[in-house]
1. Among the residues that make up the range 34-45, is at least one of them without any contact (Cβ under 8 Å) to a residue 12 or more places away in the chain and within 24 Å of Asn4 (Cα to Cα)?
2. Quick one: would you say Asn2 is within 18 Å of the chain's Cα centre (by Cα), surrounded by fewer than 18 Cβ atoms within 10 Å (Cβ to Cβ) and among the polar types (S, T, N, Q)?
3. Need pairs with beta-carbon distance below 9 Å; first residue assigned to a helix (DSSP H, G or I) and within the range 47-60, second of a type in the set (A, V, I, L, M, F, W, C) and surrounded by 10 or more Cβ atoms within 10 Å (Cβ to Cβ); sequence gap 6+ or separate chains.
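Every number here is computed from the coordinates shown, using simple stated rules; none is lab data. Predicted model, so just to flag it, every value in this text is computed and none were measured. Quick reminder, even Gly has a Cβ in these numbers, built from the backbone with ideal geometry, and neighbours come from all protein chains shown.
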Amino acid sequence: MNKNQVSGRTDQVAGKVKEVAGKAVGNDRLQAQGNVQKNLGKVEAAAGDARENAKDAAKKAVDKM
């Protein structure tokens, strides 16, 4: 697991917490901020996943040689 995966998933959780908290107290701005943070976390985690998959594929290709 690389730092992008960890950071992205952390941001997803933090964003979801903000989103739910904003909804619970009726704070539209906090809810929107949480939604943005959650979605940015998804993007970062996906980038980290792609990076990890590429690294694994390259390692397998080298091992087959």
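1. no
2. yes
3. What qualifies is Gly48/Val6.
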